[in-house]
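Worksheet for the structure shown next.
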Amino acid sequence: MRKTSLVIGLAFVLASAGLCLPPARANSLQQADPAISATRVYGKVTEINTSAGTLNVKTDAGSVVVVNTNEKTTFQRMPPGETDRAKAEATSLTEITVGDGIYALGYVAADRKSVPAQKIYVVSQSDIAKRNAAERAKWATGVKGVVSAVNPTTKEFTVTSRSLMGASQAVTVASEKAKLKRYPPDSIPKYVEAKASKFEDVKVGDQLAARGEKSPDGMHLNAEEIVSGSFKVVGGTITAIDPATNEVHINDLQTKKPLTIMLRPDSVIRRFPQGGPGMFGGGGGPGGANGGGARPGAGAQGPGGQGPTAQGPGTQGPGAQGPGGQGPRPGGGMSMADLLERLPIISASDLKVGDMIILSSTQGSDPARLTAISMVAGIEPLLQMMAARQGAGGAQPRPQDLNSNFGGMFGGVGVP
């Protein structure tokens, strides 16, 4: 039972959801906080008093507990992601820093505000950061795009991605030795919430990200891990905004039918600037953009602040985007993901009736209601650029082109 509790506790520490509640509400919930029980507390260190031997620990729910240590308290450092106590190494109070995750064992006070710790397990914040950076690097050099073919005999997927200038690239992903995960319907893609899946769950049209070893020519990847999901990209003009319910109503460009878009705290909203593609190093026609350019709005980004009122791309999770697609391609220029992630982040209050938007959503049970993963407003310049690329004389591209142009690169599968 104690080992099970440790596993669950460390999982919560590593999830780092960072949910903060107002102090009054946090106090009222202290007794019901799942991170506190009669014999253990887990959370993140917010304050250290080495001379007094105390640590202030804040749980994901916002409760603050004082962890008291003495000469009999033992300290063990756990590698990030590990739950096997045999792999822990001895450490000390002086090696703990603010931001570290800890799991303290001891008899918690009746008011659940303090605990004399007999044993403390520590997960270093710096160790977590190094692990996350290494994981992001693996995914960034992998493959991300739309599944264009499935081969049940060889257990391979063909994953197609498209650059901003329209160049298409197909990579064969071998899945036989890979760990497969999948995002559930009606969800904001977060890597830590992806569920175990099997080869048969992945269909043509799904978005897929894979990491593993690429062939020298970059056209084949032996996957170690694959994350997939069924996503939908739609566009339309805003007809109404309901701040009370965080809902936006549009007319679908393709079907001409009304759609209700639900904004969640993790939905990311951006706006295409009036300067258009020129802001990213080129003009609106083919060949005008490149992999360079500034990153407007980058200063507004931050971990865990993705909501309609406090936007920013997630770090775990992933938020919704992952490590930014596949980057510039030979002869293809900037990818669509590269461009979109450079757009300034806005709040839901910045949206206006009449704005033309494009958004991504996981496929849900109600086709008339979509949960926004990522949304971009003011997309007329982008559509005109796409139309010019398609040789359509400046007219807007056909609505059915939205998935082929943005699928796999617009607010789709999230990775670490």
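Among the chymotrypsin sites (Phe, Trp or Tyr not before Pro) in segment 94-143, those located in a DSSP loop and surrounded by at most 15 other Cβ atoms within 10 Å of their own Cβ are 107. Once the Cβ-Cβ distance of residue 49 and residue 72 is raised to the sixth power relative to R0 = 22 Å, the FRET efficiency obtained is 0.75. Computed from backbone phi with θ = phi - 60° and the Karplus coefficients 6.51, -1.76 and 1.60, the 3J(HN,Hα) list for segment 373-379 is 8, 9, 9, 10, 9, x, 8 Hz; x is used for glycine and proline. Neighbour counting of Cβ atoms within 10 Å sorts the residues 69, 153, fewest neighbours leading, into 153, 69. Per-residue Karplus couplings for segment 258-267, computed as 6.51 cos²θ - 1.76 cosθ + 1.60 with θ equal to phi - 60°, are listed in order as x, 10, 9, 9, 9, 9, 10, x, 8, 5 Hz, Gly and Pro entered as x. Rounded if a/c is under 1.5, else prolate if a/b beats b/c, else oblate: with a ≥ b ≥ c from the C-alpha gyration tensor eigenvalues square-rooted, which is segment 132-230? In terms of gyration-tensor shape, rounded. For residue 220 and residue 93, the difference between the fully extended length at 0.36 nm per residue and the C-alpha to C-alpha distance is 40.9 nm.
Hey, which of these cross-link pairs are over 20 Å Cα-Cα: 144/257; 44/181; 72/130; 155/177? Exceeds cut-off: 144/257; 44/181; 72/130.
Scalar couplings 3J(HN,Hα) for segment 41-54, obtained by applying the Karplus form with A = 6.51, B = -1.76, C = 1.60 to θ = phi - 60°, are 9, 9, x, 10, 6, 10, 7, 10, 10, 5, 5, 8, x, 10 Hz; x denotes Gly and Pro. Taking amide H as placed 1.01 Å from N in the peptide plane, residue 271 has its amide H under 5 Å from the amide H of 346, 377, each at least 5 places away in sequence or on another chain.
Amide H to amide H, with H built 1.01 Å from N, residue 232 comes under 5 Å of 361, 362, 363, counting only residues 5 or more places away or on other chains.
Values in this text are rule-based calculations from the coordinates and carry no lab data. Since the structure is predicted, the reported quantities are computational estimates derived from the model, not experimental observations. Using ideal geometry, Cβ is built from the backbone for each residue, glycine included, and neighbour counts are taken over all protein chains shown.
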